[in-house]
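**Q** Structure in structure tokens, see below.
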Amino acid sequence: MTRREFLTFLIILLLPLLITSCGSGSVDRFASKLQTLVSGASISDEMKRFAEKPHRAGTDQNHAVGDAVLDYLQRAGGHVWTTEYSLQLPEPVTTQLEMTYPVHQQVLFSEKGFVEDPYSEVAPREIPFFAYVPDSDVEAEVIYANFGDRQDYAYLKKQGITVAGKIALVRSQGICRGMKQQVAEEEGLAGLLLYPDIRDQGVWKVAYPNGPGINPWVVQRGSMLKFYLYPGDPGARNTDRKEPTLPTVPAMPVSQEAAQAILQRMEGSVNSDWVGGMNSSYHLGPGPARLRISCRSKKTARRIRNIFASLGGEDPSEPVLIVSGHYDAWLYGASDPSSGTAVILEAAKALFQLERSGWKPKRDIVFAFWDAEEYGMIGSTQWVLQHIAEVRHRVASFVYVDSVRGQLFGASIAPGLRGMLDQVLDQFKDPSTEKSVREFHLEYGMPGYSDDTMPFSNLAGVPVAQLNYGMYYSMNHSIYDNLEWMNRYNDPGYLYTANLARIVALFSIILTKDAMLPFRFSEFGQHYQRQFSNLQPEKEFTELVQLAGDVSALGKEIESVNFQRLTQEKRREVNRLLLEAVVSFTDEPGHTEEPFILRNVTMGPSPQNECAGLEISGIQRAIQLSSTEMLQKETSRAVTAFSRARDLLQQARILLRN
């Protein structure tokens, strides 16, 4: 028996005594136990099963990864089940990029294999592509459009450049892919090429395979759906009109090597702010370089599978906690999603071990692993739509991990859950600095619109938390996001992956340790009171400021009650009222004409970058557009929602007093 195995055996042997002596509320004791129960070595072993082969959604290889997840959950001791769906997924057939003027040549953009990286040997067989782009064969002059947002095209037009009918070369960073596509459609572009510029990768690092940094051959695949308009399978929505999420402008991902070859054949001076980090001159165009984009894909019948396991709580009738990630990848996906998959599984294993030693959560915990996330949150959206009533009225909160892609903790998290996460981050140290994670993390952001939290927060109104280490990373959706890069550079020893698993496990304990619904209206109301107070003109939002303050005050009073002293019947009724107050901020399905992006009155996509979350997006959009009609409508919706929540909280307070 190794020393690590002996220590694990010893801590499990002593767990019943420790749990009895410290009580279910001793957060620091649980944090201490998790240091031993969660292991980087264990994660390393499992990662080999998840990221050994490329595994796009619907493929046999991804089904095998799903089987590995099922096997892990069954060994951990959970009650396991699955749901499957049939759909058509696009796969590439051919993608070609040619320069037709001033010289005629192929522009190469495939990735490169390295002897130092055995995983990269599949490069010639893995065609870089964007899912759902239309089949095309177009030829046009090229323009360089910086990040491809509305301001960039406005600048080009001010320079006297006609952008309609051109092929735009655009940097991958900035606004998300779907919004780059949407703006390209608005501008009437003939085509779109996205490349990852080295200037946008943060601190310069030695290029892979000699270091962790981006190299000239990285190509970043992805879905080109405008999924912030509506997530999920566009083929599942029966409509007489054109599907709004499908792209109409031909688009391809290319490498820096390809971008340099194109820029070298262009002319026109460029603003210094637009100069990237490549060893190449940058030119606006148009031309004289002309390009021909040829791409063709095919729709293939596939089956996708969501995987679940449950850990039973003391009261199965109470709303559940869902802890989840996704397991499909564009290629190997060692970081995205396999490290996230490993985090959730390692956290689940630790919680099942605690359960066997005497701990029990107050409410059920469901571990969920979604399929086809990369194509547009398809597995999670399908499941939410299929169970929308149950999700709205049976899910207390939703915790999600996509990947470990750096060394700085971050969270996109709903107000109302943030204070509880702070308690967790106080308990763990950053592996490099020895500071607490709470001292050493990114500022909390709002939940976004490009991961599986999206259907839960915006279709169902569930409070969500997306936890991660790192943000954007150079190998995103490329062939080099593999175990060689992960083990050598991204997280050697899986120290950060293990730390995130401990954070997820302890956060799950905190969210299920009390009988009261795990959402703090005191924090939520205070947050939105500040948001409404900062809006101009201030007098227009006086009622909302007051309502948010009422919600905060009522929440504080309710949260001061000792729920353990209540009868089970009263606890259930109070929690029912609290959950009704939570979902009151999201329109009931089928009772709104608004698009998906405005279903939740407290948050929505940012107008600047639709994949990013923004507080009270509807009101802020109306102010930005100077639309009196829209502002009145959105303000009225917010007043209705906060009034409804206040009334429900008042009912809960009255019930607690009797």
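**Q** Determine the sum of side-chain charges near Gly113: Lys and Arg each +1, Asp and Glu each -1, restricted to other residues whose C-beta is under 12 angstrom from that of Gly113.
**A** Overall, the nearby charge balance is -4.
**Q** Also: What list do you get for Leu547, Leu625, Leu192 if you sort them by fewest beta carbons within 10 Å?
**A** In increasing order of surrounding Cβ atoms, one gets Leu625, Leu547, Leu192.
**Q** Cross-link list Lys48/Lys180; Lys513/Lys570; Lys360/Lys435; Lys112/Lys205; Lys53/Lys298: which exceed 24 angstrom alpha carbon to alpha carbon? Display every interim value, and only then the final one.
**A** On the way: Lys48/Lys180 35 Å; Lys513/Lys570 18 Å; Lys360/Lys435 31 Å; Lys112/Lys205 19 Å; Lys53/Lys298 22 Å.
Those over the limit are Lys48/Lys180; Lys360/Lys435.
**Q** Continuing with this model, one more query. Relative to the compact globular guide of 2.2 N^0.38 Å, what is the alpha carbon radius of gyration of the range 264-342, as a ratio?
**A** Output field value: 2.12.
**Q** Would you please state the base-10 log of I(q)/I(0) at q = 0.18 1/Å for the range 89-299, with intensities from the Debye formula using one equal scatterer on every alpha carbon?
**A** So the normalised log intensities are -1.35.
**Q** Would you calculate, for the chain, the mean residue ellipticity at 222 nm contributed by helices, counting each DSSP H stretch of 4 or more residues as -39,500 (n - 2.57) and dividing by all residues, to the nearest 500?
**A** About -11500 deg cm²/dmol.
**Q** Among Arg363, Arg303, which comes first, then next, by fewest other beta-carbon atoms within 10 Å?
**A** Arranged by neighbour count, lowest to highest, Arg363, Arg303 become Arg303, Arg363.
**Q** Report Rg (one decimal) and Dmax (nearest whole number) for the range 203-323, counting Cα atoms only, units Å.
**A** Expressed in Å, the Cα Rg and Dmax of the range 203-323 come to 22.7, 70.
**Q** In debye, nearest 20, what is the charge dipole magnitude of the range 89-299 about its Cα centre with +1 on Lys and Arg Cβ and -1 on Asp and Glu Cβ, if you could check?
**A** On the way: 22 positive and 24 negative charges, 67 e Å.
Dipole about the Cα centre, nearest 20: 320 debye.
**Q** Just add up the charged neighbours of Gly188: K/R +1, D/E -1, any other residue whose Cβ is under 14 Å from the Cβ of Gly188.
**A** The answer is -1.
**Q** With θ set to phi - 60°, apply the Karplus curve 6.51 cos²θ - 1.76 cosθ + 1.60 along the range 35-50 and write out the HN-Hα couplings as whole Hz, x wherever there is a Gly or Pro.
**A** 4, 8, 5, 9, 10, x, 5, 5, 4, 4, 4, 6, 4, 5, 7, 8
**Q** Assuming a viscosity of 0.890 mPa s and a temperature of 25 °C, what translational diffusion coefficient in µm² per second does Stokes-Einstein assign to the range 521-657, Rh being the Kirkwood radius over Cα pairs? Show your work: numbers first, answer last.
**A** Working: Rh = 15.8 Å.
So the translational diffusion coefficient is about 155 µm²/s.
**Q** Among the trypsin sites (Lys or Arg not before Pro) in the range 376-454, which ones are in a DSSP loop with at most 11 other Cβ atoms within 10 Å of the Cβ? Mind listing them?
**A** Values: sites: Arg392, Arg394, Arg405, Arg418, Lys429, Lys435, Arg438; in loops: Arg405, Lys435, Arg438.
Loop-located and lightly packed - Lys435.
**Q** Quick one: putting +1 on the C-beta of Lys and Arg, -1 on the C-beta of Asp and Glu, what dipole do you get for the range 521-657 around its Cα centre, in Debye to the nearest 20?
**A** Its charge dipole is roughly 580 debye.
**Q** Under 20 °C and 1.002 mPa s, how fast does the range 342-465 diffuse according to Stokes-Einstein, given a Kirkwood radius computed over C-alpha pairs? Answer in µm²/s, whole number.
**A** It diffuses with D of about 133 µm²/s by this estimate.
**Q** Only four residue types carry charge here, +1 at the Cβ of Lys and Arg and -1 at the Cβ of Asp and Glu. Report the dipole size of the chain about the Cα centre in Debye, rounded to the nearest 20.
**A** Using only the charged Cβ atoms, the result is roughly 880 debye.
**Q** Place +1 on the Cβ of every Lys and Arg and -1 on the Cβ of every Asp and Glu in the chain, take the dipole about the Cα centre, and give the residue among Leu467, Tyr72, Met420 whose Cα lies farthest towards its positive end.
**A** Positive-end residue among those listed: Met420.
**Q** Rank Thr586, Gly618, Gly604 by how far each Cα sits towards the positive end of the charge dipole of the range 521-657 (+1 on Lys, Arg Cβ; -1 on Asp, Glu Cβ) and give me just the farthest.
**A** Thr586
**Q** So, counting K/R as plus one and D/E as minus one, what does the shell of residues with Cβ under 12 Å around Arg292 add up to?
**A** -3
**Q** Do any GluC sites (Glu not before Pro) in the range 77-162 lie in a loop, going by DSSP, with at most 15 other beta-carbon atoms within 10 Å of their beta carbon, and if so which? Don't skip to the end; give the middle numbers.
**A** Numbers: sites: Glu84, Glu98, Glu111, Glu116, Glu121, Glu126, Glu139, Glu141; in loops: Glu111, Glu116, Glu126.
Within the range 77-162, the qualifying GluC sites (Glu not before Pro) (loop, at most 15 other Cβ atoms within 10 Å) are Glu116.
**Q** Which loop-located GluC sites (Glu not before Pro) does the range 362-440 contain, where loop means any DSSP state but H, G, I, E or B and the Cβ has at most 10 other Cβ atoms within 10 Å?
**A** Glu434
**Q** Calculate the spin-label point distance for Gln88 paired with Arg418, positioning each point 7 Å from the Cα along the beta-carbon direction, and give it in nanometres.
**A** The modelled label-to-label distance comes out at 4.5 nm.
Only the coordinates and a few stated rules stand behind these numbers; no lab work does. Everything quoted here is computed from the prediction, not taken from an experiment. Neighbour counts run over all protein chains shown; Cβ positions are idealised from the backbone, glycine included.
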